[in-house]
Every structure is written in C-alpha cells, then in structure tokens.
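Undergrad: Supplied in structure tokens, the structure appears directly below.
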Amino acid sequence: KPIYYSPSTCAFIVRARMSRKMYGGNNLQRLVEWAQELGVDYFGIPQVQQRLEAYMERDFALSTAIAACLIMLLVWRSFGELRRAALALAPLAIGYLWMLAGMRLLGITFNFTNIVISPLLIGIGVDSAIHILHRIQEERARGGPNPVARGAAATLIPVLSTSLTTMLVFATLLFARTPGLKLLGISALLGLGFSLLASLLFLPGAVAWLEETRPGD
C-alpha cells in the first residue's frame, strides 16, 4: 500500500490495490460505507463501476417501463379492447422472459448493451402479434369457418419474412470483434427469435382457446 505525503497540504494519500474478492457479494459496498465513516476523500475505479451499474439498472428499469407503457397504450388504441391488447403483448412478454433465460444459460449478464436493446425489442417484438391479430379480425369479419387458422396462415409468410430479415441484420453482429456488439447481436437474436416463435405458436392457440371455444366445449 504506497503512501504519499504532500508537504503543501500536509495530507496523506494512500493507494491500495483491490483484491478480486472485493467484487464478490456486497464487499465493495461495505468498503465504501467504511470509507464514508472515516470522513476521508476516496476515489477508485471499483467505485466508479459500482456507480455506473446503479445508473444502468435505474435507466434500464425506467426506459423499459416507459417503452412498455407507450406500447401498451398504442396497442390498446389499435384494438380498442384491453383483452386483445393483452393478447398482442403476450408473445412479447414470453419472448422477453425466454431471452432472459437464454442469456442466463449462456452466462450473459445485464450491462449497457441490454439497456440499449430492451426498448428496441419491445418495439419490434410486438409487430408480429399485431399483424396476426388484425388479420384474424379481418377473417372473422368476412365470415367462414376457422378464422383463426385462416388468419394465422395468411400472415405466416409476411411475418416470417420481416422477422427473419431483421434477425439477419443483428446476426451480422456475431462476427464483430467488439464483445459489446456480439452481446448486442446475441440478445437481439434471442429476444426476436423467441418473440417470433411465441407469435406463431402461442398466439393463435391462445386466441382460439379464448375466443373460438364455447363454454362447455
């Protein structure tokens, strides 16, 4: 622990190296609290990192909540019914949860990249469900049997094409040399891919179960 003395200010400067164990658990927070009790000025990269992580967590929660509320409002205005709006957002919620599970399995932790990609995924991931539900409504208005099946089949190719082209763009980030860009690509592929699967597989079944099945069937 090198110690420096300033003759002009009569102050001591102590430089200490951090052990890797300091980053485990709440050790760093305990160290900061201990330094605050001493009443001394302190500064270090671990402290900056801790503050940045706190800012990122706050920004992630705020940006995601704002994006989710705005999307919910627009979807509700589009369908004019809360239940249909909830159906449109269900694949997005499922895809997002599966994305988090996939990130956990791959050992990817939350960082600045996740904060950037989360509002984007919320905006893009809900598109497929909106197209499918509107087409089902159109097929139901035309009359005829199985409007859910006909609506889902009619939107299959367009939804697949638009989603896969978007995923292809993010897939190119997997070849980037920058780790942050690779994480961005992986997170986007997981979120968009799982949202697409939920839109194509879960959504038609949920609509059929909620709206097509009569009580007692």
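The values are calculated or read from the model by the stated rules, or taken from the named source; none is laboratory data. Values in this document were obtained by computation on a predicted structure and should not be read as measured data. Every residue, glycine among them, receives a Cβ derived from its backbone with ideal geometry; neighbour counts consider all protein chains shown. For the accessible areas, the whole protein counts, side chains as well, though only heavy atoms, and no ligand, DNA or RNA atoms are used. Shrake-Rupley method; radii C 1.70, N 1.55, O 1.52, S 1.80 Å.
Undergrad: Compute the signed sum of charges (Lys and Arg +1, Asp and Glu -1) over the other residues within less than 13 Å, Cβ to Cβ, of residue 141.
TA: Local charge sum for residue 141: +2.
Undergrad: If we restrict to alpha carbons, what Rg and Dmax does the stretch 69-155 come to, in Å?
TA: Rg, Dmax (Cα atoms, Å): 15.7, 50.
Undergrad: Any idea of residue 34's accessible area? Nearest 10 Å², probe 1.4 Å.
TA: It works out to around 140 Å².
Undergrad: Can you pull the percent of the stretch 33-156's accessible area that's carbon plus sulfur, 1.4 Å probe, other chains left in place?
TA: 65
Undergrad: Out of all Cα-Cα pairs in the stretch 77-217, roughly what percent, to the nearest whole number, are more than 22 Å apart?
TA: Summing the P(r) of the stretch 77-217 above 22 Å gives 42 percent of all pairs.
Undergrad: Rg (Å, one decimal) plus Dmax (Å, integer) for the alpha carbons of the stretch 53-101?
TA: Cα only, the stretch 53-101: 12.9, 39 Å (Rg, Dmax).
Undergrad: Next question. Whole percent per 5 Å bin, from 0 to the bin with the longest distance: what is P(r) over all C-alpha pairs of the stretch 105-171?
TA: 3, 15, 18, 17, 14, 12, 9, 7, 3, 2
Undergrad: Based on the Cα atoms of the stretch 136-217, what semi-axes does the equivalent ellipsoid have, where each is the square root of 5 times one gyration tensor eigenvalue, given in whole Å with the largest first?
TA: One finds semi-axes of 36, 14, 6 Å for the stretch 136-217.
Undergrad: Please work out, to two decimal places, the log10 of the ratio I(q)/I(0) at q = 0.13 Å⁻¹ from a Debye calculation in which every Cα of the stretch 27-78 carries one identical scatterer.
TA: -0.51
Undergrad: So, R0 is 22 Å and r is the distance between the beta-carbons of residue 171 and residue 116; what FRET efficiency does that work out to, to 0.05?
TA: E(calc), rounded to 0.05, equals 0.80.
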